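Colleague: To start, I am sharing the structure in question, which I have written as structure tokens.
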Amino acid sequence: MRLHLSNSATDELAIVYIATNLSFEESEPEESEVLQVKKIHINEAYNWVMEGKITDAISVAAILKPKLC
């Protein structure tokens, strides 16, 4: 899915892929990163969007897309 992040201020483009059949490996964050990985079902993520727990626009679009198509 391609998303234009602003309609006037920038020409920034986000491209979102939905990955499947993944496996968990040891993370290798950069020094400034603090990662917290939580595996949840897409239905729970959808519920979190609808409850306002997930509000990042790119994440919301990526989570809603499979539910709406």
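The values are calculated or read from the model by the stated rules, or taken from the named source; none is laboratory data. What you are looking at is a predicted structure, and each value in this text was computed from that prediction instead of being measured. With ligands, DNA and RNA removed, areas are computed over all heavy atoms of the protein, side chains included. Shrake-Rupley method; radii C 1.70, N 1.55, O 1.52, S 1.80 Å.
Colleague: Could you give me the ³J(HN,Hα) list for region 40-50, computed from phi with Karplus coefficients 6.51, -1.76, 1.60 and θ = phi - 60°, whole Hz, x at Gly and Pro?
Modeller: 9, 6, 4, 5, 5, 4, 4, 4, 5, 4, 5
Colleague: Round to a whole number: what % of the accessible area of the chain belongs to carbon and sulfur, probe 1.4 Å? Before the final figure, lay out the partial values.
Modeller: On the way: 3160 of 6310 Å².
Of all accessible area on the chain, carbon and sulfur atoms account for 50 percent.
Colleague: Percent of Cα-Cα pairs per 10 Å bin, from 0 to the last occupied bin, for the chain, please list those.
Modeller: Spelled out per bin, shortest first, that is 15, 39, 38, 8.
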